[in-house]
Amino acid sequence: MLLFFWAHWCGDCKYEAPILTKLRSEYAAKGLNVVAPTQLYGYAGQGEDAPPVVELAWIDKVRQHFYSGMLDVPMPISKHNFDTYGASTTPTLVLVDRKGVVDLYHPGLMSYDDLRGAIEKVVAR
């Protein structure tokens, strides 16, 4: 499982999206699942304060536009997920092996080649 911690305002997350879409298509048959946790930040659009219902609509709009290749990926919205995995920056990538052991924890951008190598190592076990 690959956890992709992202935020609606995160430019690096948007950059990472096509990489994840490509890797999902390459490794789905080998059992790779992707989950994309995010959380509420209290604002939407151009940094305007927003109640949860407005921010949730903004998250959906951002997701439709920038993450179209990942619309079927589960997207739990909870600060608890960020706290549990220690994701203090976005993007943060967490790769968990079949036994539930965290094999990779990477805050920040990760290249296609580097992430592919990490996934290959985990699915080959």
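The values are calculated or read from the model by the stated rules, or taken from the named source; none is laboratory data. Given the structure is predicted, the values throughout are model-derived calculations rather than measurements. Here the Cβ is made from the backbone with ideal geometry for all residues, glycine too, and neighbour counts use every protein chain on show. For the accessible areas, the whole protein counts, side chains as well, though only heavy atoms, and no ligand, DNA or RNA atoms are used. Shrake-Rupley method; radii C 1.70, N 1.55, O 1.52, S 1.80 Å.
Side notes on the structure shown:
- The Cα trace of the chain gives Rg and Dmax of 14.3, 47 Å, the first to one decimal, the second as a whole number.
- Distant-in-sequence amide H partners of ASP103 (H built 1.01 Å from N, under 5 Å): LEU95, VAL96, ASP97
- Flagged links, alpha-carbon separation over 22 Å, of LYS30/LYS61; LYS30/LYS79; LYS79/LYS99; LYS99/LYS121; LYS14/LYS99: LYS30/LYS61; LYS30/LYS79; LYS79/LYS99; LYS14/LYS99
- Computed about its Cα centre, the charge dipole of the chain is approximately 440 debye, with only Lys, Arg, Asp and Glu carrying charge at their Cβ.
- In this structure the amide hydrogen of ALA50, modeled in the peptide plane, comes within under 5 Å of the amide hydrogens of TYR43, ALA44, none closer than 5 places in sequence on its chain.
- Note on SER25: accessible area is roughly 90 Å² with a 1.4 Å probe, heavy atoms of protein only.
- 13 Å beta-carbon shell around SER25, net charge (K/R +1, D/E -1): +2
- Accessible surface for the chain, divided over its residues, is 53 Å² per residue with a 1.4 Å probe.
- Assuming charge only on the beta carbon of Lys and Arg (+1) and of Asp and Glu (-1), the dipole of the stretch 35-87 about its Cα centre is about 100 debye to the nearest 20.
- The heavy atoms of HIS8 present about 10 square angstrom of accessible area, all protein chains included, probe 1.4 Å.
- Rounded to the nearest 10 Å², the accessible area of LYS121 at probe 1.4 Å: 120 Å²
- Ranked from largest to smallest solvent-accessible area, with a 1.4 Å probe on the protein heavy atoms, VAL96, VAL54 come out as VAL54, VAL96.
- Helix 11-27 vs. the chain, principal-axis angle (Cα, 0 to 90°, nearest 10): 40 degrees
- Note that the stretch 81-125 carries a Kirkwood radius of 11.1 Å, evaluated over its alpha carbons pair by pair.
- Within the accessible area of the chain, the carbon and sulfur atoms contribute 56%, probe 1.4 Å, all protein chains present.
- With a 1.4 Å probe rolled over the protein heavy atoms of all chains, the accessible area of TRP6, TRP58 falls in the order TRP58, TRP6, largest first.
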